[in-house]
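Working notes, structure below.
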Amino acid sequence: MRAVEKSRHCETLPCAVLLALSLILPRCTLADSRPLWEWGVGPSVVAFNDYPGAASSHRYFLPLPYIRYRGTFLRADREGLRGILLDTPRVALNVSLGASVPVRSRDAAARTGMPDLEALLEVGPMLAVHLWSNESRRCQLDVRVPARLAVTVSGAPHDVGGYLAPQLNLDVRRVGGTPGWNLGLLAGPLFASQRYNQHFYSVAAAYATAARPAYRAAAGYAGSEVIVALSKRFPGFWVGGFVRYLNLESTVFADSPLLQRRHDLAAGVGLAWIIGRSARRVESEE
C-alpha cells in the first residue's frame with residue numbers, strides 16, 4: 001500500500017476518515033458532566049480496500065477533526081452528526097450519517113475502463129435498543145439497526161439505493177481501571193438494495209471483456225462485519241483505533257467479476273488534541 005497523493009480524494013476523505021473512526025469508537029455508559037461542545041484536531045492513518053472485496057487498497061494520512069456537541073436534539077459524537085428523535089433508557093431513535101470515498105477505476109485493476117465510483121453520502125434513521133448492562137454500568141449491550149439511503153455527492157446528486165445493518169454492540173468502559181480505555185465490539189449482517197449492490201458490483205454490457213463478463217447484482221445479503229475499537233480520552237487529547245473485518249462469502253453478488261476478495265480488512269488509528277471547549281457543562285453518557 002502507498003500513501004495517497006494530495007490530489008486524490010482530498011475533498012471527501014477527511015469526512016470519511018472522521019466517520020470511519022468516530023462511528024465505531026465505544027460509547028461510555030455512565031453519565032458524567034462534560035462540556036457542551038469541544039473541538040480539536042490531530043493526525044490519523046486509515047487503510048482500506050477501494051471498495052468492499054476489491055484487490056486494490058490504499059493507506060491515507062490525513063488530519064482528524066475531533067468535534068463533540070452534546071445538545072438535547074443535536075449531537076456530534078462517536079456516532080457522527082445526528083438528530084435525536086427519541087431518547088429513553090431503553091430505546092433511542094436517531095438520524096445518522098455515513099459516507100464512502102470515490103474510487104478512480106484506473107487505480108482498481110478490476111474496474112479498468114469502467115466509470116469511476118462516485119463518493120456517496122448516506123443518511124437515514126438508526127434504532128438502538130438497550131438489552132443489558134452490568135451493575136456498575138461499565139458494560140452495556142445494545143442492538144442497533146441503521147437504515148440508510150445513499151446519494152452521490154458529485155455533479156447532480158442521485159440516489160443509489162440503501163442498506164440495512166442490524167448490529168449487536170457491546171461497549172466496555174474503563175478497561176484496566178480508571179481512567180482506563182474504552183472497548184467497543186460490534187457484529188452483524190448487511191442487507192443492501194439492488195441499486196446499492198449494483199453501484200459496486202455490476203458490470204454493464206458496454207464494459208464487459210473476456211476477463212470481466214457482464215453482471216447484474218441483486219438485492220439481499222451483502223456480507224457480515226465485525227468491528228473492534230479501542231479509545232481513551234486523556235485530559236488534553238484523545239487517541240483511538242479500530243479494526244474492521246468484512247466476510248463476503250455467500251453474498252448475493254458472490255459471482256461478480258468485481259468481487260476479488262471474500263474477506264475484507266480495514267484499520268485505522270488517530271490522535272487529536274483538544275483545542276477548545278465550552279464553559280457550559282451538561283450531563284452526558286458519551
Reported set for region 89-101 where residues are within 23 Å of VAL143 (Cβ to Cβ) and outside any strand (DSSP E or B) is PRO89, ARG90
Scanning region 211-228 for residues that are among the hydrophobic types (A, V, I, L, M, F, W, C) and modelled with pLDDT of 95 or more gives ALA214, ALA217, ALA218, ALA219, ALA222, VAL226, ILE227, VAL228
Can you say whether GLN260 is assigned to a loop (DSSP other than H, G, I, E, B) and either modelled with pLDDT of 95 or more or in contact with a Cys (Cβ under 6 Å, 6 or more places away or on another chain) (or both), as far as the supplied structure shows? yes
Test result for ALA108, modelled with pLDDT of 95 or more and either closer than 25 Å to ALA47 by Cα or of a type outside the set (Ser, Thr, Tyr) (or both): no
Within region 200-215, can one find any residue that is closer than 29 Å to LEU141 by Cβ and part of a loop (DSSP other than H, G, I, E, B)? no
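Of these, ASN182, ASN197, ASN169, which one is out of contact with any Asp or Glu (no Cβ under 9 Å at 6 or more places or on another chain), touching a residue at least 12 places away in the same chain (Cβ under 8 Å), within 22 Å of ALA266 (Cβ to Cβ) and surrounded by 19 or more Cβ atoms within 10 Å (Cβ to Cβ)? If you could, list the steps in order and put the result at the bottom.
Values: ASN182 fails: out of contact with any Asp or Glu (no Cβ under 9 Å at 6 or more places or on another chain); ASN169 fails: out of contact with any Asp or Glu (no Cβ under 9 Å at 6 or more places or on another chain).
Exactly one of ASN182, ASN197, ASN169 is out of contact with any Asp or Glu (no Cβ under 9 Å at 6 or more places or on another chain), touching a residue at least 12 places away in the same chain (Cβ under 8 Å), within 22 Å of ALA266 (Cβ to Cβ) and surrounded by 19 or more Cβ atoms within 10 Å (Cβ to Cβ), namely ASN197.
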Quickly run through region 233-262 and pick out the residues that are more than 23 Å from VAL160 (Cα to Cα) and under 19 Å from the mean Cα position of the chain (by Cα). TRP238, VAL239, GLY240, GLY241, PHE242, VAL243, ARG244, TYR245
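Per-residue answers, yes or no, for (1) among the basic types (Lys, Arg); (2) in a strand (DSSP E or B); (3) at pLDDT 60 or above:
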residue: PRO26; (1), (2), (3): no, no, no
residue: VAL46; (1), (2), (3): no, yes, yes
residue: ALA55; (1), (2), (3): no, no, yes
residue: HIS58; (1), (2), (3): no, yes, yes
residue: LEU62; (1), (2), (3): no, yes, yes
residue: PRO65; (1), (2), (3): no, yes, yes
residue: TYR69; (1), (2), (3): no, yes, yes
residue: GLY83; (1), (2), (3): no, yes, no
Quick check on region 179-198. Is at least one of its residues at pLDDT below 95, among the hydrophobic types (A, V, I, L, M, F, W, C) and closer than 29 Å to SER136 by Cβ? yes
For a quick check of your reading of the model, give me the residue pairs whose first member lies in region 217-244 and is among the hydroxyl-bearing types (Ser, Thr, Tyr), whose second is surrounded by 17 or more Cβ atoms within 10 Å (Cβ to Cβ) and not in a strand (DSSP E or B), with beta-carbon atoms closer than 9 Å and at least 6 apart or on different chains. TYR221/THR251; TYR221/VAL252; SER224/LEU248; SER231/LEU21; SER231/LEU25; SER231/PRO26; SER231/ARG78
Determine whether VAL145 is out of contact with any Cys (no Cβ under 6 Å at 6 or more places or on another chain), under 30 Å from VAL239 (Cα atoms) and surrounded by fewer than 19 Cβ atoms within 10 Å (Cβ to Cβ). yes
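The values are calculated or read from the model by the stated rules, or taken from the named source; none is laboratory data. As the structure is a prediction and not an experimental result, all values here were calculated from the model. No Cβ is skipped: glycine too gets one built from the backbone with ideal geometry, and neighbour counts run over all protein chains shown.
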